[in-house]
Amino acid sequence: MALAGSEVELKVQAMNKKKTTISRSWILLDRDGRDIVLDVDKYAIMRLVEIHARDLRIMDPLLSYPSTILGREKVIVLNLEHIKAIITAEEVLVRDPMDDDVVPVVEELRRRLPLKVSVAGQGQVEEELCVQEGEGGEENEFPFEFRALEVVLEAICSFLDARTRELETAAYPALDELTSKISSRNLDKVRKLKSAMTRLTNRVHKIREELENLLDDDDDMAELYLSRKLAVSSSPSSSSDGPNWHHSPYQGSKIHRSSRGSAATLQGENDVEELEMLLEAYFIQIDGTLNKLTTVREYIDDTEDYINIQLDNHRNQLIQLELFLSSGTVCLSIYSLVAAIFGMNIPYTWKEGHAYVFKWVVILTGMVCGSFFLSIILYARRKGLVGS
């Protein structure tokens, strides 16, 4: 069996590489849901699945590569957030299976990869499957690689949707609190939420963009039909009459599209409706998650506009207060000028016998200054500089 042979080969390689300083943990699952935990270096993985180093490099957790779905001649390379997997027509390799976010994905793969058939009709179903495989009717069975791809897409979409719901739960109360009371603590909380939302939006947008690029290119979707290509390349007609598909495991690279002549072309390369429906379902789901984040962003923008309006209103009130104070200061300066003139140590001939003049000077000066102050305020209101 392919799984047993792979296990023996990888154990021998692990013994030969036991002195290697850097090793990575992988888990290998076959189409029956059986798994093997591997602790081997990247070169063993490259030889096992016949993958190029540049494709394996995008799965390195130490390197910040964006989310990617790559179709190669014999494998599908997935780098979706924390889920890093390699899918073949018979097996799935998942990196870092002990990670808290990856454990549920591995459990779901164990549960959903095996084909479920009833005990009563198990012999009949197996016989029908054998007939279908012999007649080339494999289209009636959902391919193994698509079952694995569906589990990974469902997991990453659910993960991002859960993070979005958490952000919504924290964002709306914080924004409402900031609206009711503008403080440094509330502003700092909203700033952190906005930064988290921006990072999450970029992650969701990258997944959406990758799915959209796949849906827009039928050739890229056709490269993901590993079972179809494997069935055609292993048939006697393709081995005798068709071209040699095994000379390079990288013919499915998006960079070398001119050299594409895979077996999918012989069986209708444009027949990608099954995969297209699968990708569209998760594209709609991830697009809904992006719409939720867009709604949160709009709510944050509306809150910022409301706060800016409040701050502008407070600023205008301060300007009005400054205008009143400045006008009052000018009027008091006039009053002080009159008092300063009469307080000079200069002998006046009319001082004797005119003590009552002091009272009238004070009264008239106050009336003139008050009238001047009211005139300034009325002029400012007429011009719309202060509120009514």
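Some observations on this one:
- Flag for GLU150 being charged (D, E, K, R), touching a residue at least 12 places away in the same chain (Cβ under 8 Å), in contact with a strand residue (DSSP E or B) (Cβ under 9 Å, 6 or more places away or on another chain) and assigned to a helix (DSSP H, G or I): no
- Any pair with Cβ under 9 angstrom, 6 or more apart, that starts in region 157-175 at a residue that is touching a residue at least 24 places away in the same chain (Cβ under 8 Å) and under 18 Å from ASN202 (Cβ atoms) and ends at one that is among the aromatic types (Phe, Trp, Tyr) and surrounded by 15 or more Cβ atoms within 10 Å (Cβ to Cβ): CYS157/TYR282; ALA171/TYR299
- Taking residues in region 272-283 that are closer than 16 Å to ARG228 by Cα, and partners anywhere that are open to solvent by 20 Å² or more (accessible area, probe 1.4 Å), the pairs with Cβ atoms closer than 7 Å and at least 6 places apart or on different chains are VAL272/ASP218; GLU276/LEU215.
- Verdict on ARG185 being under 19 Å from the mean Cα position of the chain (by Cα), at negative phi and modelled with pLDDT of 90 or more: no
- For region 88-119, residues that are within 23 Å of ARG47 (Cβ to Cβ), in a loop (DSSP other than H, G, I, E, B) and open to solvent by less than 30 Å² (accessible area, probe 1.4 Å) total 3.
This table checks each residue for (1) in contact with a Cys (Cβ under 6 Å, 6 or more places away or on another chain); (2) in contact (Cβ under 8 Å) with a residue 40 or more places away in the chain; (3) under 22 Å from LYS206 (Cβ atoms).
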{"residue": "LEU56", "(1), (2), (3)": "no, no, yes"}
{"residue": "MET59", "(1), (2), (3)": "no, no, yes"}
{"residue": "LEU63", "(1), (2), (3)": "no, no, yes"}
{"residue": "ILE69", "(1), (2), (3)": "no, yes, yes"}
{"residue": "ARG72", "(1), (2), (3)": "no, yes, yes"}
{"residue": "THR88", "(1), (2), (3)": "no, yes, no"}
{"residue": "MET98", "(1), (2), (3)": "no, yes, no"}
{"residue": "ARG111", "(1), (2), (3)": "no, yes, no"}
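Listed here are the residues, each with its yes/no results for (1) within 17 Å of CYS157 (Cα to Cα); (2) modelled with pLDDT of 90 or more; (3) in contact with a Lys or Arg (Cβ under 9 Å, 6 or more places away or on another chain).
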{"residue": "ALA174", "(1), (2), (3)": "no, yes, yes"}
{"residue": "LYS181", "(1), (2), (3)": "no, no, no"}
{"residue": "ARG191", "(1), (2), (3)": "no, yes, no"}
{"residue": "MET197", "(1), (2), (3)": "yes, yes, yes"}
{"residue": "ARG203", "(1), (2), (3)": "yes, yes, yes"}
{"residue": "ARG208", "(1), (2), (3)": "yes, yes, no"}
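- Complete set of residues in region 163-182 that are under 20 Å from the mean Cα position of the chain (by Cα), polar (S, T, N, Q) and surrounded by 12 or more Cβ atoms within 10 Å (Cβ to Cβ): THR164
- Filter result (surrounded by fewer than 16 Cβ atoms within 10 Å (Cβ to Cβ) and free of Cβ contacts under 8 Å to residues at least 24 places away in the same chain) within region 183-197: SER183, SER184, ARG185, LEU187, ASP188, ARG191, LYS192, SER195
The values are calculated or read from the model by the stated rules, or taken from the named source; none is laboratory data. Everything numeric in this text was worked out from a predicted model, so none of it was measured. We place every Cβ from the backbone using ideal geometry, glycine too, and count neighbours over all the protein chains shown. The protein model used for the area step is the full one, side chains on, heavy atoms only, and it has no ligands, DNA or RNA in it. Shrake-Rupley method; radii C 1.70, N 1.55, O 1.52, S 1.80 Å.
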